[in-house]
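Chemist: Below you'll find the structure I mean.
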Amino acid sequence: FVMRLYARAARIDYAPGEPTYVMHADATDRVSQTPSPVRAQLEPSVRILDKPWFEGAALELRRAFVVKVVRINVFEAVSAHLKAGTWSQDEAQGTREALSRLLDSVPGARGDFSKADLHVIDLLLSETQEEGQLKAGLAARRRFANPAALLTAKPAHALGRDAPLRFMAAAAVQTARDRIAKRHGGN
């Protein structure tokens, strides 16, 4: 529902200074931090690819969706399994299938990923990846002072809407807006 709303909305406003997600410290464990099967986690996103409204959406929106799902859902699901020691051949296969489906669904989806992201993607698509390589690759993509984490493989994509440089600049602006709003008592 939210994706359909986003795809059709003319404008969505964000309330600076307001929490985007609140996680209280009153529980000993969190469902959102417990690794679950990658297939199950990615299934809703993969199913969206076949929805008529998604297929009819602008290429830019579909590409942004795939990039965000890979960066947020795929990479984080893999990281959670690696941290928990539950990464397995079954998880690798489920990830490979979902990742292939996502990337194949939208032309040019790989263009907005950083070189470091693409390295992790290639590892995940490989049938012979090793846990150590995955851990190192996932750590490298989060070192934002590293040019490989900021630059795309093709220079023409460096300033693309969802490319790392623009994403990081937008995140910095949003963080500044939030800090300013909090100092001034909210919106």
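Chemist: Among the residues of the stretch 110-119, how many are part of a helix (DSSP H, G or I) and among the hydrophobic types (A, V, I, L, M, F, W, C)?
Modeler: Here the count works out to 2.
Chemist: Go through (1) part of a loop (DSSP other than H, G, I, E, B); (2) closer than 20 Å to ARG142 by Cα one by one and return the number of the condition VAL69 breaks.
Modeler: (1)
Chemist: What pairs can you find where one residue is in the stretch 85-111 and closer than 15 Å to VAL74 by Cα and open to solvent by 80 Å² or more (accessible area, probe 1.4 Å), the other is of a type in the set (Lys, Arg) and in a helix (DSSP H, G or I), and their Cβ atoms are less than 8 Å apart, with a gap of 6+ or different chains?
Modeler: As it stands, the answer is GLU97/ARG39, since those pairs meet every condition given.
Chemist: Assuming LEU42 fulfils every condition listed in (1) without any contact (Cβ under 8 Å) to a residue 24 or more places away in the chain; (2) within 16 Å of the chain's Cα centre (by Cα); (3) farther than 28 Å from ALA145 by Cβ apart from one, which condition is it?
Modeler: The single condition LEU42 does not satisfy is (1).
Chemist: Taking only pairs six or more apart or across chains, which ones have beta-carbon atoms under 7 Å, a first residue in the stretch 53-65 that is in contact (Cβ under 8 Å) with a residue 40 or more places away in the chain, and a second residue that is assigned to a helix (DSSP H, G or I) and open to solvent by less than 20 Å² (accessible area, probe 1.4 Å)?
Modeler: ARG62/PHE54; ARG63/ALA109; ARG63/ASP112
Chemist: Sticking with this one: Could you list, in sequence order, all residues of the stretch 76-113 that are more than 26 Å from LEU59 (Cα to Cα) and of a type in the set (D, E, K, R)?
Modeler: Across the stretch 76-113, the qualifying residues are LYS83, ASP90, GLU91.
Chemist: Also, quick follow-up: So ASP178 fits all but one of (1) open to solvent by 80 Å² or more (accessible area, probe 1.4 Å); (2) in a helix (DSSP H, G or I); (3) of a type in the set (D, E, K, R); what number is the exception?
Modeler: (1)
Chemist: Taking the stretch 46-66 as the search range and keeping residues that are aliphatic (A, V, I, L, M) and assigned to a helix (DSSP H, G or I), which one is nearest to the chain's Cα centre (by Cα)?
Modeler: Out of the qualifying residues, it is VAL66.
Chemist: Answer yes or no as to whether ILE72 is open to solvent by less than 20 Å² (accessible area, probe 1.4 Å), out of contact with any Phe, Trp or Tyr (no Cβ under 6 Å at 6 or more places or on another chain) and β-branched (Val, Ile, Thr).
Modeler: no
Chemist: Do you know which residues across the stretch 80-102 are among the basic types (Lys, Arg) and either in contact with a strand residue (DSSP E or B) (Cβ under 9 Å, 6 or more places away or on another chain) or within 13 Å of SER45 (Cβ to Cβ) (or both)?
Modeler: ARG101
Chemist: Find the residue count for the stretch 120-151, including only residues that are in a helix (DSSP H, G or I) and either surrounded by fewer than 18 Cβ atoms within 10 Å (Cβ to Cβ) or small (Gly, Ala, Ser) (or both).
Modeler: Number satisfying all stated conditions: 13.
The values are calculated or read from the model by the stated rules, or taken from the named source; none is laboratory data. What you see is a predicted model, and the numbers here were worked out from it, not measured in a lab. Every residue, glycine among them, receives a Cβ derived from its backbone with ideal geometry; neighbour counts consider all protein chains shown. When the accessible area is computed, the model is the full protein with side chains, heavy atoms only, and any ligands, DNA or RNA have been set aside. Shrake-Rupley method; radii C 1.70, N 1.55, O 1.52, S 1.80 Å.
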